[in-house]
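All remarks here apply to the structure that follows.
Values quoted throughout were computed directly from the atomic coordinates according to the rules given, and no laboratory measurement underlies them. Only a predicted model underlies this, so the values are computations on that prediction, with no experimental measurement involved. Don't worry about glycine lacking a Cβ; one is built from the backbone with ideal geometry, like all the others, and counts go over all protein chains shown.
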Amino acid sequence: MEEKAITPIHELRHSASHILATALLRLFPEAQLDVGPATDGGFYYDVDLEHKLTTEDLEKIEAEMKKIAKENQRFERIEVSREEAKTLIEQTPWLREFKPGRLDDIPEGETITFYRNGEYLDLCAGPHVRYTSQCKAVKLTSVAGAYHRGNEKNKQLQRVYGVVFPSKAELDEYLKNMEEAKKRDHRKLGRELKLYHIDEDVGQGLILWTPNGAIVRQELQTFISEQLFKQDYKQVFTPNIGNLNLYRTSGHFPYYRESQFTPVIDQEQIQKLATEGKSCADLANLLTAGQLDGFLLKPMNCPHHIKIFDSQPHSFRDLPVRLAEFGTVYRWEQSGELNGLTRVRGFTQDDGHLFCTEDQIGQEVLGCLELVKIILSTLGMTNYTVRVGLRDPESPKYIGSPENWEKAENACRAAAATLGVPVTEEKGEAAFYGPKIDFVVKDVIGRGWQLGTVQVDFNLPERFNLSYTGADNKPHRPVMIHRAPFGSMERFVGILIEHFGGDFPTWLAPEQVRILPLNDSLIPAATEIREKLKALRIRASVDGHSDKLGAKIRRAELEKVPHMLVVGAKEIEAGVVNVRSRADKSLEGVCTLEQFIEKLLPIIRERRLSPDAPAAK
């Protein structure tokens, strides 16, 4: 196995996984080891062990890892023949069960290598750091179940996760951020702030938007709809289900069948197949072969928008045609992959599809990128990089001609280069029909999230035989651009909850103002204030509990209400309110209700992150 060129941090993580394996074998000599790679966030090792590992075990293993680091063991590369490799595996107890399969995966003629540190030996391509002492800043984070080679039909193993950094200071910063991430977990805050609900009776991965969460979602939809109007998009609505032939033409079925819900077949066809003695496997084969009709919960909005474009003739003078929809789509995610709002089975995309000439591609892609930039800047998410996803010519998943792919990829490269931020190219990360530009945004604690995508597509217009009449009065093929600035409303709201820690800016907050009367006799006056705010579309409530003021303030703070108006008999008599603000201390103090409203309305209307922040464009 030839050494692969990887970054120093990946080299460090890979080396830490070998130290983890060494520690596991010292504490559990009977363990059988499978794989232990570096990952984008750390490392792990899969181990076959009868003993179920606990939190206490992780602490012991971590302590042993630190001991091994102090031993300053050298990572030694060993090159062997295939026969020597087989002998080494057979002679090494912890390699016997799983490593023969790994050896079989290595092509004939490729160099086979092992790495040794201290008493530990592993079949491995490397590379590693030179000595174990370079992996001192290490922390084991969790243990979970994992199937051998990711196949649920295989033996279930235990996967031990960890992180490692070049210095203790970097590890401490990471652990501090992880503690902060726990506080910001959108699943925890979603429950506490009553933003959404997932009910087993409804189904895993299907979101019930409660009133508070519905406000956040609606405000985001209103925001983006205003931007779409400025860019001359036309809103459309399409059904949640479509004929299978539509998705056969697009290529979504059967090629992505494993991530789709089972097609709906009408009863007459099912009864006919049953009388013919057909099995479920026969049914699946007939569907794949296109010999059976049915309907599919839509996995994508694009085929529907294509049909809207194709429903009437177009001239070159009509282009570009920009269609937009908050369209709900459905994907069959494995239950173990579901995660709150960020990984679901039914989600609504802020979807848009543009149909244009080849000459208009550059301008239209730039318009899409500008839309993403406006959204991110309004929400204070300005720390981002851009990733251009290209096709892998060796992969069978991509459709269309190499010539069209080259044109589309060049268009994406050129547009991304105008953004003035770091750009990377990722081979094999394109959609099956075209390359894409993704925004990777860092939140307030430094975590990266993929948000906002723009894709250039020459292929679906070809598959659906789309055309427009050119200046030469002949038919021409349009180019299609897919764009979704939020990606999905569910995932985007989940990320926003964590980014803001539930402390939404005033314009997004489900409740913007809470009025706190000092006693029950003042509730009618507080209600009058609420009605005045409500008339101006300011979301306000009255805390009518018989608690003391301190308890009411504490409740409003826990529920993350941006602004509080305290009213007592003196305030009512003087015609003023006492303002307390979580969002900005500059609003605090005694003023008339009219003065408070005068300050608050621009903050909401201009979607400011804080009162003194610049207005959104």
Residue-by-residue Karplus 3J(HN,Hα) for the stretch 129-138, coefficients 6.51, -1.76, 1.60, Hz, glycine and proline x: 5, 6, 9, 5, 5, 6, 10, 7, 8, 10
Mean Cβ count within 10 Å, highest first, over the residues of peptides 521-527, 575-581: 575-581, 521-527
Mean separation of Cα contacts under 8 Å, 6 or more apart, over the residue count of the chain: relative contact order %: 10 percent
Segments 22-33, 440-451 sorted - mean Cβ within 10 Å per residue, highest first: 22-33, 440-451
From phi via Karplus (6.51, -1.76, 1.60), per-residue ³J(HN,Hα) for the stretch 205-214 in Hz, x at Gly/Pro: x, 10, 8, 9, 7, 7, x, 5, x, 4
Label-to-label distance, nm, for residues given as Arg82 and Asp310 (7 Å Cα→Cβ offset): 5.0 nm
Distant-in-sequence amide H partners of Ala431 (H built 1.01 Å from N, under 5 Å): Lys436
Lys585-Arg555 pseudo-label distance in nm [points 7 Å out on the Cα-to-Cβ vector]: 2.7 nm
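Placing +1 at every Lys and Arg Cβ and -1 at every Asp and Glu Cβ, with all other atoms neutral, what dipole size does the stretch 12-167 have around its Cα centre, in debye to the nearest 20? If you can, show how the numbers build up before the last one.
Working: 22 positive and 25 negative charges, 109 e Å.
Here the stretch 12-167 has a charge dipole of around 520 debye.
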From phi via Karplus (6.51, -1.76, 1.60), per-residue ³J(HN,Hα) for the stretch 44-52 in Hz, x at Gly/Pro: 8, 9, 8, 10, 9, 8, 5, 5, 7
Cα lying deepest toward the dipole's positive end in the chain, options Ile215, Val236, Gly101, charges on Cβ: Ile215
FRET E, pair Ser279, Trp332, Förster distance 30 Å, beta-carbon r, rounded to 0.05: 0.90
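Among rounded, prolate and oblate, which fits the chain when a ≥ b ≥ c are the square roots of the eigenvalues of its C-alpha gyration tensor, a/c under 1.5 means rounded, and a/b larger than b/c means prolate?
Working: a/c = 1.91, a/b = 1.23, b/c = 1.55.
Since a/c reaches 1.5 but b/c is at least a/b, the shape of the chain is classed as oblate.
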Amide N proximity, the stretch 437-478 versus Arg317 label position 7 Å along Cα-to-Cβ, cut-off under 13 Å: 469-473
Theoretical FRET efficiency, 1/(1+(r/R0)^6), r = Cβ-Cβ of Ala144 and Ala471, R0 51 Å, to 0.05: 0.25
The stretch 32-91, dipole about Cα centre (Lys/Arg Cβ +1, Asp/Glu Cβ -1), debye to the nearest 20: 280 debye
Residues with amide H under 5 Å from that of Arg582, placed H, sequence gap 5 or more: His563, Met564
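Rounded to the nearest 500, what is the chain's calculated 222 nm mean residue ellipticity when only DSSP H runs of at least 4 contribute -39500 (n - 2.57) each, over all residues?
It lands at -11000 deg cm²/dmol.
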Stretchable slack from Leu103 to Thr418, in nm (0.36 nm times residue separation minus alpha-carbon distance): 108.8 nm
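Under a point-charge model restricted to the Cβ atoms of Lys and Arg (+1) and Asp and Glu (-1), what is the dipole moment magnitude of the chain relative to its Cα centre, in debye to the nearest 20?
Dipole magnitude for the chain comes out near 1420 debye.
Using the number of other C-beta atoms within 10 angstrom as an exposure proxy, rank Asp57, Asp310, Asp282 with the fewest first.
Final ranking by Cβ density, sparse to dense: Asp282, Asp310, Asp57.
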Charge dipole (the chain, unit charges on Cβ, about Cα centre) - positive-most of Pro254, Asn473, Gly420: Gly420
Difference of contour (0.36 nm per residue) and Cα-Cα distance, Ile270 to Asp503: 78.7 nm
The stretch 241-297: relative contact order in percent, alpha carbon pairs under 8 Å with at least 6 residues between: 63 percent
Pairwise label distance in nanometres, Arg116 with Thr39, each label 7 Å out on the Cα-Cβ vector: 3.1 nm
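Express in nm, to one decimal, how much length is gained between Glu200 and Ile597 on full extension, taking 0.36 nm for each residue of separation and deducting their alpha carbon distance.
Values: separation 397, 0.36 × 397 = 142.92 nm, distance 4.30 nm.
Result for the pair: 138.6 nm of gain on full extension.
Expressed as a rounded percentage, what relative contact order does the stretch 523-583 have, with Cα pairs under 8 Å and six or more residues apart?
Values: 43 pairs, mean separation 15.3, N = 61.
Computed over the stretch 523-583, the figure is 25 percent.
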Using a Förster distance of 41 Å, the FRET efficiency for Lys153-Ala214 (Cβ separation, nearest 0.05): 0.45
Top positive-direction residue, dipole computed over the chain with Cβ charges, set Gly150, Phe165, Phe486: Phe486
